[in-house]
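Right, one structure below, let's go through it.
The values are calculated or read from the model by the stated rules, or taken from the named source; none is laboratory data. Just so it is clear, the structure is predicted and the values come from calculations on it, not from any experiment. Note that we place each Cβ from the backbone using ideal geometry, even for glycine, and neighbour counts take in every protein chain shown.
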Ligand SMILES: Cc1ncc(COP(=O)(O)O)c(C=O)c1O
């Protein structure tokens, strides 16, 4: 069967090559360089195709910096920019000649990537992931000696939620429904307000979710998105890539990087006076790179501001588990909005969460979600359409997202290890 298909594919390619018209050449291309060899001479044909594709009719490369999407040229992404490239070059130099530099190692602190700096994964999470990925282990008696009973139980529960228990299959474009429901239950337990799995879009980390929302909201450079400065550069990059306008608002260092509503109002008015339609407000809470945790009262004012100004609130809440002071507490913007009596009908609000941050720091697993509330059904359908272009996010990331929103409970056996930190032991 496989051979039959391969033969058929080969014949189809040969037929299309036979039918291919020779590229038009307004300036006389050297006849010998592009004269079409016989299809019966495969290597000559391949060389011909390579030359034809690498050289346009005018003899210039068909793709150059002048002809690619200017938005790609324009956007910058400092966390992966020149300094990182320089560090990578130095690393290669160190590898080739360890004595060449006055240090023997480079630690990459350009982005929060704790496992690359030696943080060990949480055992429970990895046990569950490995069992889900290799369910045959669940039938082996040795598994009970190697894995915690909680992890085994959770793996069973998760596999029951995945159609056909197939972690190698595409899922629903928003992610596996049972996992979304579990995440919604975790959000409801955190906030004390209802959450629905239908509002969850599982993504390969928060970054693609942010891109999706920018794609949805930005129609032209006349559409602006309010973003904090200092900011995490995902926002400026994504806005530039989607052709919108970055409208900055400044966090106030004097007040511990506070977010003042007067400042938001000033920047919105200024942008509007330049003909920009401000569509959304990005708030990173807890902040990156500033680390501030917004007070509840402040959050209420921000919600009120979005409501009054007709803005979508894009709440980047990926650092919700990274609070290192006793007197501060994370409150999701959805919880704040609901506590003010605002419902789905009052305020479009998107909350981003990620498996990359928190105590888990599983950046490489590429998991996360956005909770989308307050949009009309017809707009929701369009968000679904955008999500479905990616088919689905990766299934390990989906499972991990459900685990971080529903970690082991105190009553179960691995919790002691989990709390003592032993659970961080290498696996
Ligand atoms: C504030 C903020 N948002 C989003 C992200 C992207 O995270 P992810 O790995 O989930 O794409 C980061 C990464 O550092 C971040 O700092």
Item checked: Every residue from region 71-108 that is in contact with a helix residue (DSSP H, G or I) (Cβ under 8 Å, 6 or more places away or on another chain) and touching a residue at least 40 places away in the same chain (Cβ under 8 Å) -> 71, 72, 74, 75, 76, 77
Item checked: residue 283 being part of a loop (DSSP other than H, G, I, E, B), modelled with pLDDT of 95 or more, buried (at least 21 other Cβ atoms within 10 Å of the Cβ) and in contact with a helix residue (DSSP H, G or I) (Cβ under 9 Å, 6 or more places away or on another chain) -> no
Next item on the list: Would you check which residues across region 301-346 are more than 16 Å from the ligand (Cβ to nearest atom), more than 23 Å from residue 196 (Cβ to Cβ) and surrounded by fewer than 20 Cβ atoms within 10 Å (Cβ to Cβ) and list them?
Entry: 301, 304, 305, 308, 309, 310, 325, 326, 327, 328, 329
Notebook entry, point to check: Any chance region 166-179 includes a residue that's within 24 Å of residue 394 (Cα to Cα), within 16 Å of the ligand (Cβ to nearest atom) and crowded, with 16+ Cβ neighbours inside 10 Å?
Noted result: yes
Next item on the list: Test each condition in (1) crowded, with 22+ Cβ neighbours inside 10 Å; (2) assigned to a helix (DSSP H, G or I) for residue 202 and report the one that comes out false.
Entry: (2)
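Mind telling me which of the residues 358, 397, 364, 368 ends up being surrounded by fewer than 23 Cβ atoms within 10 Å (Cβ to Cβ) and touching a residue at least 60 places away in the same chain (Cβ under 8 Å)? Write out each step before concluding.
Details: 358 fails: touching a residue at least 60 places away in the same chain (Cβ under 8 Å); 397 fails: surrounded by fewer than 23 Cβ atoms within 10 Å (Cβ to Cβ); 368 fails: surrounded by fewer than 23 Cβ atoms within 10 Å (Cβ to Cβ).
Every option except 364 fails the conditions.
Here's the yes/no breakdown for (1) at pLDDT 95 or above; (2) assigned to a strand (DSSP E or B); (3) farther than 24 Å from residue 270 by Cα; (4) within 15 Å of the ligand (Cβ to nearest atom):
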residue: 190; (1), (2), (3), (4): yes, no, yes, no
residue: 211; (1), (2), (3), (4): yes, no, yes, yes
residue: 214; (1), (2), (3), (4): yes, no, no, yes
residue: 221; (1), (2), (3), (4): yes, no, no, no
residue: 231; (1), (2), (3), (4): no, no, no, yes
residue: 243; (1), (2), (3), (4): yes, no, no, no
residue: 247; (1), (2), (3), (4): yes, yes, no, no
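Out of 149, 141, report the one residue that is touching a residue at least 60 places away in the same chain (Cβ under 8 Å) and over 31 Å from the mean Cα position of the chain (by Cα). Reasoning before the result, please.
Values: 141 fails: touching a residue at least 60 places away in the same chain (Cβ under 8 Å).
Answer to the check: 149.
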Item checked: Selection count where residues are more than 9 Å from the ligand (Cβ to nearest atom) and touching a strand residue (DSSP E or B) at 6+ places or on another chain (Cβ under 9 Å), scope region 363-378 -> 7
